[in-house]
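Some notes on the structure that comes next.
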Amino acid sequence: MSEAPIGVFDSGVGGLTVLRALLSELPHEKFIYLGDTARLPYGTKSPESVTRYAAQAAAALADRALKCLVVACNTASASSLPAMRERLPGVLVVGVIEPGAQAACEASPTGRIAVIATEGTVQGRAYQEAILRRRGDARIQAMATPLFVALAEEGLVSGPIALGVARHYLAALSQAASDAPDTLVLGCTHFPMLAGVIRAALGERMRIVDSAATTAKEVRQRLEGAGLARRAGASAVRFLASDGAERFARVGSRFLARTIAPADVELIDL
């Protein structure tokens, strides 16, 4: 089973930031990335719809002999991990929320933690509950920042437009009040693309937790613990999408920080 691939699932290209972190953390592994681009974004859908979509994606991956599935979508991680585990019995399924919450609790000296995410993730309270399970005295401020997704998709991740949006959303967090959060969780896989302007809007005072990086470390530890890590050989990635191979390749190349050719994206029907 150590030679089996790792699946990475997202509603679109945002999860490629998680794949990028996984490729750095696990340089010998083979990956299959599935983006449900025909039905994105998940962040505005109902939990019931997201669970149905995620279960269908898991069913499409079930015949590909995965050893692990990384649910690189915060919205799907919040509502759909049980459904995906049911469709993939015997496969290690890891979401992005629990590792991000753990890292936030470890990073925050005071327990005052802010979370920025999509509307669906914020309203579902998955991060809030995951943080409180680990740190019952935590004080959490969660806010939806939907324009960050559009900025990342359009490549507007620096400059006055991106900085203006970041300052608009994060103004309340950037104030040096005695009860202000000291740690910020990037609760959407698009948001690491905007880490520079988020840092510029907040200043140096606040710690920033990237759930992509923390998830990659969690996957490595769990694979090594189960004896499933691939110890040698070059990495390889296979790309699957449910729509728009050319757009997936164009936008995804920015998220992955390496070129994806449209011909390398296989379209599948979910």
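Angle, helix 97-107 long axis vs. longest principal axis of the chain, Cα atoms, 0 to 90°, nearest 10?
With both axes taken from Cα atoms, the answer is about 40 degrees.
Residue by residue through segment 147-159, what is 3J(HN,Hα) from phi via Karplus (6.51 cos²θ - 1.76 cosθ + 1.60, θ = phi - 60°)? Round to whole Hz and write x for glycine and proline.
3J(HN,Hα) across segment 147-159, in whole Hz: 5, 4, 5, 5, 4, 5, 5, 8, x, 8, 9, 8, x.
With θ set to phi - 60° and the Karplus curve 6.51 cos²θ - 1.76 cosθ + 1.60, what are the ³J(HN,Hα) couplings of segment 16-22 in order, to the nearest whole Hz, using x for Gly and Pro?
5, 5, 5, 4, 4, 5, 5
So which trypsin sites (Lys or Arg not before Pro) in segment 201-244 pass both tests, a DSSP loop state and at most 12 other Cβ atoms within 10 Å of the Cβ?
Taking segment 201-244 and a limit of 12 other Cβ atoms within 10 Å, the loop trypsin sites (Lys or Arg not before Pro) found are Arg205, Arg231.
Please rank Thr183, Thr118, fewest neighbouring Cβ atoms within 10 Å first, as an exposure proxy. Can you show the working numbers first?
On the way: Thr183 23, Thr118 29.
The most exposed by this proxy come first: Thr183, Thr118.
Quick one: Karplus J couplings for segment 73-90, per residue in order, coefficients 6.51, -1.76, 1.60, θ = phi - 60°, nearest Hz, x for Gly and Pro?
Using θ = phi - 60°, the values come out as 9, 5, 5, 5, 4, 5, 10, 10, 4, x, 5, 6, 5, 5, 7, 10, x, x Hz.
Quick one: which residues, 5 or more positions from Phe31 or on another chain, have an amide H under 5 Å from its amide H? H modelled 1.01 Å from N in the peptide plane, none for Pro or chain starts.
Ile6, Ala236, Val237, Arg238
Please report the relative contact order for segment 159-270, taking Cα pairs under 8 Å with a sequence separation of at least 6, and give it as a percent rounded to a whole number.
So the answer I get is 21 percent.
Taking amide hydrogens as modeled 1.01 Å from N in the peptide plane, which residues meet the under 5 Å criterion relative to Arg139, leaving out close sequence neighbours?
Arg112, Ile113
Counting only DSSP beta bridges with both residues in segment 98-211, what percent are antiparallel, rounded to the nearest 5?
Given both bridge residues lie in segment 98-211, the antiparallel proportion sits at roughly 0 percent.
On a 0 to 90 degree scale, rounded to 10, what angle separates helix 47-61 from the longest Cα axis of the chain?
Computed tilt is about 30 degrees.
In a Gaussian network model over the chain where Cα atoms closer than 10 Å are linked, find which of Pro160, Pro181, Pro27 has the largest mean-square fluctuation.
Checking each option, the largest mean-square fluctuation is seen for Pro160.
Values in this text are rule-based calculations from the coordinates and carry no lab data. What you are looking at is a predicted structure, and each value in this text was computed from that prediction instead of being measured. Here Cβ is always computed from backbone atoms with ideal geometry, including for glycine, and neighbour counts include all displayed protein chains.
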